[in-house]
Amino acid sequence: MEESLNLFTSTQVVIKEALNKLGYGDEMYELLKEPLRMLTVRIPIRMDDGSIKIFTGYRSQHNDAVGPTKGGVRFHPEVNEDEVKALSMWMSLKCGIADLPYGGGKGGIICDPRSMSMGELERLSRGYVRAISQIVGPTKDIPAPDVYTNSQIMAWMMDEYSRLREYDSPGFITGKPLVLGGSQGREKATAQGVVICIEEAAKKRGISIEGARVAVQGFGNAGSFLAKFMHDAGAKVVAISDAYGALYDPNGLDIDYLLDRRDSFGTVTTLFDNTLTNEELLELDCDILVPAAVSNQITAANAHNIKASIIVEAANGPTTLEATKILSDRGILLVPDVLASSGGVTVSYFEWVQNNQGYYWTEDEVTEKLEKVLVQAFDNVYQTSQQRKVNMRLAAYMVGARKMSEASRFRGWV
């Protein structure tokens, strides 16, 4: 059988298996295998040179049985319909795993923000909101930042939505600047969630974080924050990588020095002569491996060579289904992306709650609440995997799919 590298079809495969294990019939799979709503929009934007350029954007709403849909908007040249659909399905699962009152949504625009001016980005952000405004809102679908979007873009989008509705609508979008109703702790929430999962996984395996050898693939927003967190917690971060290569030191790298030297895109390895490849990093001798870069890194081809006893996925879909099976057969504890990276949507939920109440929490309160949610989520998935004798990925999908399946059933949809 050809190894599947398509995130959408491989997501469908695991959802089907999870629903079978939970005892649901084919109708439930038919309902959940595709988003309920998928909107494609064309956005004309006047560029700085006076020309008009037409951009294509998407918004996918997977399932709103539990509550409004929720999910990021990415600006990237590679954005496509299948990716946006798959990511909205993952958001549904993440919300189910973290027990949030949401279904999954996702959006994207095909563009290269690195080659656009601030003015062009603002016009594109506002144009996107105008194009999708009928199907989004604080009680319908709540966007958030994702790849190459940030709090400034969220601010423009919120302002545009508030203009259209003619009232201030901070709860329409999360990941906003603090002065516009953003939440404390939102910027680092995703990485913090991964750290909590690493700590819980280490406890299950009897590994102490102090002195543990950690390899992190990726040094962008998530990877760099994780490396710093682990380094400060006393772990030995033996390897990090960016798009151009990997750095390795068996005695532990000086993370503070590397953070200081990296550029705005997380690139640092170009400053060094002795580098490894990203592929070599994955097979290094370490206790904990964190793929925090791009999808399809651990495949059937290299899964047998992985030496880590714990893998925590910080990236989206870094391990193929075939590799997942090989790793779990080898007794490696794999914490899947839908569980490990649910910190971001959890703190986005906190932000929405604060917007709705008009009452704001301190960073300590946010961190404490996040820890509570994720420790509970980890335990749920771990217990399910032990009791049902399935790997952690399938267990996470079972926990994630159960809530929206039950909600769909009670509503009388299936």
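Structural remarks
- Calculated log₁₀ intensity ratio I(q)/I(0) where the Debye formula runs over C-alpha points of the chain, q = 0.08 Å⁻¹: -0.41
- A helix-only calculation puts the chain at -14000 deg cm²/dmol for mean residue ellipticity at 222 nm, using -39500 (n - 2.57) for each DSSP H run of at least four residues, averaged over all residues.
- 5 angstrom amide H check on D141, placed H, neighbours 5+ away: T69
- Each peptide in 352-364, 305-317, 281-293, 165-177 was scored by the mean count of other Cβ atoms within 10 Å over its residues; highest first, the order is 281-293, 305-317, 165-177, 352-364.
- Set the Cα radius of gyration of the range 139-234 against 2.2 N^0.38 Å, with N its number of residues, and you get 1.41.
- Fraction of accessible area attributable to carbon and sulfur, the chain (%, probe 1.4 Å): 47
- Modelled spin-label separation between N20 and D364, with each label point placed 7 Å from Cα along the Cα-to-Cβ direction: 5.1 nm.
- Cβ-derived FRET efficiency at R0 25 Å, R409 paired with Q387, nearest 0.05: 0.65
- Kyte-Doolittle mean at least 0.0 and Cα axial length at least 15 Å: DSSP H helices in the chain: 7-22, 81-97, 189-205
- Here the Karplus curve 6.51 cos²θ - 1.76 cosθ + 1.60, taken at θ = phi - 60°, turns the phi angles of the range 314-320 into couplings of 9, 8, 7, x, x, 10, 6 Hz, with x standing for Gly and Pro.
- As a length-normalised measure over Cα pairs under 8 Å and 6 or more apart, the relative contact order of the range 169-244 settles at 27 percent.
- Cα centroid of the range 96-172 to Cα centroid of the range 352-414, whole Å: 24
- Within the chain, percent of DSSP bridges classed antiparallel, to nearest 5: 45
- Relative contact order of the range 294-414, defined on C-alpha pairs under 8 angstrom at six or more residues apart (%): 21
- For the chain, accessible area per residue (1.4 Å probe, heavy atoms of protein chains only), Å²: 41
- Peptides 323-329, 208-214, 149-155 ordered by packing proxy, namely the average of other Cβ atoms within 10 Å per residue, highest first: 149-155, 323-329, 208-214.
- Relative packing of 371-381, 89-99, which averages over residues the other C-beta atoms within 10 Å, highest first: 89-99, 371-381
- Amide H contacts of L334 (H built 1.01 Å from N, under 5 Å, at least 5 apart or other chain): I311, M392
- Nearby aspartates and glutamates by direct alpha-carbon distance to K203 (threshold 14 angstrom, same-chain neighbours under 8 apart not counted): D287, D379
- Close lysine pairs were tallied over the range 324-414: pairs 8 or more places apart or on different chains with Cα atoms under 25 Å apart number 4.
- Relative contact order (%) - the range 1-111, alpha-carbon pairs under 8 angstrom, separation at least six: 27
- Given in Å, the Rg to one decimal and the Dmax to the nearest whole number for the Cα atoms of the range 312-392 are 15.8, 50.
The values are calculated or read from the model by the stated rules, or taken from the named source; none is laboratory data. Everything numeric here is computed off the predicted structure, so don't read it as measured data. Reconstructed Cβ throughout: ideal geometry from the backbone, glycine too, with neighbour counts over all protein chains shown. The accessibility values were calculated without ligands, DNA or RNA, using every heavy atom of the protein model including side chains. Shrake-Rupley method; radii C 1.70, N 1.55, O 1.52, S 1.80 Å.
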